[in-house]
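Worksheet: one structure, shown below.
Each value in this text was obtained by applying a stated rule to the coordinates, not by laboratory testing. Only a predicted model underlies this, so the values are computations on that prediction, with no experimental measurement involved. Quick reminder, even Gly has a Cβ in these numbers, built from the backbone with ideal geometry, and neighbours come from all protein chains shown.
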Amino acid sequence: MVLFVILVYFALLFGISLLTGKGGNDAFFRAGRRSPWPLVAFGMVGASISGVTFVSVPGMVMGADMTYLQMCMGFIVGYAVVAFVLLPLYDKYGLTSIYSYLGRRFGHVSRKTGAWIFLVSKLTGAAAKMYLVCLVLQQFLQVPFVVITIGAMLLIWLYTQRGGIKTLVWTDAVQTLCLLMALCLILGEVTMRLDLSMSEAWTAVWNDPHARIFEFGDWQSRQHFLKQFLSGVFVVIVMTGLDQDMMQKNLTCRSLRDGQKDLCCYGVLFLPVNFLFLALGVLLLLLYAQKGMALPTQGDALLTDVISRGVLGQSALLLFVIGIVASAFSSADSALTAMTTCYCIDIKQGGESMRRRIHVCMAIVFLFCVLGIKAIGSGSVLDLIYMLVGYTYGPLLGLFAFGMTTGWGVRDRWVPYVAVASPLLCWLIDMAAQHLYAYRFGYELLLLNGLLTYMGLLLLRKHK
């Protein structure tokens, strides 16, 4: 039954692909700049949430309560910065790839450096998200991990290889709808199993000790409000504003004003959606206590564990599969398309045949990254992703900040060395802080990395 639901779901995506997959490179890269902004905003919810959010965020309440919402509050400010600072800049130059700005500002080597940083960042982040979902599907389908991963990447490549971003604007909206419906119905199922009304469930969530949102006390805590809030602001700036994947969708809107409305609406939506995921986690903990069941050792397994035990019934299992498939593939398909766009425009320019070959190669590299993460293994996948963001997106933050806040040029050929040295220096500082002061950097590592890149560019500065 689970396999049948997945096949029906992909048949729907292929149908959308057939209807929208025409128009060549212009449709693949920019959708002819005709995308309705409400559709883009709604679809970006699914693209950003991913399967990691669906699986991991409910379990975050086990160790960090609802403090993740502090970061989500920072997200709202970050989206406003992207909408009114970065998007007008990209629109002014009519960019298809946002890293073309670095080429205009500093030179060809800087442009390629930004593109390569993005490719590494997106590959590692998207592969980590895909890894978790394939792991979950393996548990329910009883199929080898390698087979599931290959099948998933093949299906994603098939429905994105014709229409690209033009197709994704529509498939993302459909996948977001499936994701939110699955979330709400699972919430309803858990509430029913607890024998609570919706108002009683709401009261139970807010009165639970795990409903704690704010942390102002321990400065060394990774959940401290200032760290979480500022990290949320800058994570959005780099993971949306400096990310070709997310900005490519916004650049398909019909005007700058539409793109700004899209970003602001989406930024506000992110907070209540994540609250629902965390509320689900609180209710699941209540259900575990009611049933006398032992909690899983890792938060990532909280929702998966209760579903696999059959506590919520067969309908919840099907809803869960729809939810993680919708969220995972909405994230992975847009990542694959954005990586293809970035490589074609910033690194190896060519026509439609070149773009098709690169699209295949990117899918293969993506596949091997997922298998590599499987071989390495990880704890909390969400923490892994944000750690990777701190190391890989930091140089992009420094490059764009330097370009927008100074009038200097740089010695272009030395920029790649700064982009590599900054993350390495960050790692050394983190190790030293742990050894000397028992302090471990969290999400604020991103800010340190960007600052080090900025300082390195100051050393390379020259008058524009």
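Sorted ascending by nearby beta carbons within 10 Å, beginning with the fewest, Lys92, Lys227 become Lys92, Lys227. Net length available on complete extension from Phe145 to Val5 is 48.5 nm, with 0.36 nm assigned per residue and the Cα-Cα distance removed. Rounded to the nearest 20 debye, the dipole magnitude of the chain is 1900 debye, with +1 charges on Lys and Arg beta carbons, -1 on Asp and Glu beta carbons, and the Cα centre as origin.
Ranked by the mean number of other Cβ atoms within 10 Å of their residues, highest first, the peptides 240-251, 287-298 fall in the order 240-251, 287-298. Put in line by how crowded their Cβ is, counting other Cβ atoms within 10 Å and starting with the fewest, Lys348, Lys166, Lys261 read Lys348, Lys261, Lys166. Placing dummy labels 7 Å off each Cα toward the beta-carbon, the span from Leu271 to Ser308 is 3.6 nm. Counted residue by residue at 0.36 nm each, then reduced by the alpha carbon distance between them, the extension gain from Cys361 to Ala438 reaches 23.4 nm. Separation of region 274-330 and region 401-464, taken as the distance between their Cα centroids, equals 40 angstrom.
Measuring r between the beta carbons of Phe216 and Trp408 and using R0 = 41 Å, the FRET efficiency lands at 0.55.
Sorted on the mean count of surrounding Cβ atoms within 10 Å across their residues, most packed first, peptides 196-202, 99-105 read 99-105, 196-202. Its convex hull of Cα atoms gives region 20-111 a direction-averaged projected area, equal to a quarter of the hull surface, of 8.9 nm².
Here r is the Cβ-Cβ distance between Tyr93 and Trp202 and R0 is 51 Å; the resulting FRET efficiency, rounded to 0.05, is 0.60. Our estimate of slack between Cys184 and Met455, defined as 0.36 nm per intervening residue step minus the Cα-Cα distance, is 92.9 nm. Applying 1/(1 + (r/R0)^6) with r as the Cβ-Cβ distance of Met354 and Ala289 and R0 = 45 angstrom yields a FRET efficiency of 0.20.
What is region 178-281 by shape, rounded, prolate or oblate, if you read a ≥ b ≥ c off the alpha carbon gyration tensor as root eigenvalues and call it rounded for a/c under 1.5, prolate for a/b larger than b/c, and oblate otherwise? Because a/c hits 1.5 or more and a/b fails to exceed b/c, region 178-281 counts as oblate. When the charge dipole of the chain is built from unit charges on Cβ atoms (+1 for Lys and Arg, -1 for Asp and Glu) and taken about the Cα centre, the candidate among Thr160, Tyr391, Ile6 whose Cα reaches farthest toward its positive end is Thr160. Two tests apply to each whole DSSP H helix in the chain, Cα reach of 24 Å or more along its axis and mean Kyte-Doolittle hydropathy of at least -1.0, and the ones passing both are 2-20, 37-56, 108-141, 165-193, 256-291, 313-342, 352-376, 415-437. Apply the a/c threshold of 1.5 to the C-alpha gyration tensor of the chain and tell me whether it is rounded, prolate or oblate. Since a/c reaches 1.5 but b/c is at least a/b, the shape of the chain is classed as oblate. Think of region 2-379 as a dipole: +1 on every Lys or Arg Cβ, -1 on every Asp or Glu Cβ, centred on the Cα centre; then among Cys253, Leu367, Ala41, Cys253 lies furthest on the positive end. Look at Ser422, Ser353, Ser334, Ser221 and count the other Cβ atoms within 10 Å of each Cβ; fewest to most, that gives Ser353, Ser221, Ser422, Ser334.
Summing +1 for each Lys or Arg and -1 for each Asp or Glu among the other residues whose beta-carbon sits under 11 angstrom from that of Asp65 gives -1.
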